[in-house]
Amino acid sequence: MKKILVIAFICLSALGHAQLTSKEEVTPELVAKRETQKKEVTKNYLALKNSLIISDSLAVVKNAEALKVSLNKFKFKKLSLEQMNEATIKRKDIIDLVTQVAATKNINKQRKIVQELSVKFWELAPKFKAEDATLYLQVCPMTGAVWTSDSKEIKNPYYPKNMLTCGEVKATL
């Protein structure tokens, strides 16, 4: 019986020490690094979306590669195991879509893939959004296509020639 109590005490002590250590490790430098990572992911998504607005398929490829790199560097924090698994799967889906975007120079194919990518990006946007940023979910009412923007101004990345200002803000983060 004493052995069980001693083992239980050691385990509880180790757990308490691990929690204390993890709290001590959250330094202002780590918080700043995390914010920089969030800004990088969001910046790269917005650059990808903005490349579609100007119909620059080569810039789309470049920005897709940059988004892929920043997503691979990003680590989720403060999530339960279930939330972590869900977020990791969604991030992998986004990375797969970004890889498809980077693999083609056909602007229409890129737009089609980014439509699906944008839906998944918005689902994780609360985790990617920096503290000082505001993001808007915008939708084209004629097609239902969505995208994330850092401005309330509508610039439809899917139909920039015919329907550049077609859309509306559906949600804000």
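The values are calculated or read from the model by the stated rules, or taken from the named source; none is laboratory data. No experiment lies behind these values; they were computed from the predicted model shown. Note that we place each Cβ from the backbone using ideal geometry, even for glycine, and neighbour counts take in every protein chain shown. Just so you know, the surface numbers come from the protein's heavy atoms only, side chains and all, with ligands and any DNA or RNA stripped out. Shrake-Rupley method; radii C 1.70, N 1.55, O 1.52, S 1.80 Å.
In contact with a Phe, Trp or Tyr (Cβ under 8 Å, 6 or more places away or on another chain), at pLDDT 95 or above and either open to solvent by 60 Å² or more (accessible area, probe 1.4 Å) or more than 10 Å from Val60 (Cβ to Cβ) (or both), is that true of Gln115? Criteria met by Gln115.
The set of residues from the stretch 40-71 being closer than 23 Å to Glu153 by Cβ, in contact with a helix residue (DSSP H, G or I) (Cβ under 7 Å, 6 or more places away or on another chain) and of a type in the set (Val, Ile, Thr) comprises Val41, Thr42, Val60. If only residues of the stretch 64-85 that are within 22 Å of Asn44 (Cα to Cα), of a type outside the set (A, V, I, L, M, F, W, C) and at pLDDT below 90 are counted, the one that is nearest to the chain's Cα centre (by Cα) is Lys75. In the condition set (1) assigned to a helix (DSSP H, G or I); (2) touching a residue at least 40 places away in the same chain (Cβ under 8 Å), Lys105 is compliant with all but (1). I'd like to check something: does the stretch 56-74 contain any residue that is more than 18 Å from Lys129 (Cα to Cα) and not in a helix (DSSP H, G or I)? Yes, the stretch 56-74 contains a residue that is more than 18 Å from Lys129 (Cα to Cα) and not in a helix (DSSP H, G or I).
Of everything in the stretch 75-98 that is touching a residue at least 12 places away in the same chain (Cβ under 8 Å), of a type outside the set (A, V, I, L, M, F, W, C) and in a helix (DSSP H, G or I), the residue that is farthest from Arg34 (Cα to Cα) is Asp93. Checking each residue in the stretch 81-103 for being within 12 Å of Ile113 (Cα to Cα), of a type outside the set (Asp, Glu) and open to solvent by 50 Å² or more (accessible area, probe 1.4 Å) picks out Thr99, Gln100, Ala103. Applying the criterion of being assigned to a helix (DSSP H, G or I) and in contact with a helix residue (DSSP H, G or I) (Cβ under 7 Å, 6 or more places away or on another chain) to the residues of the stretch 120-173, the residue that is surrounded by the most Cβ atoms within 10 Å (Cβ to Cβ) is Phe121.
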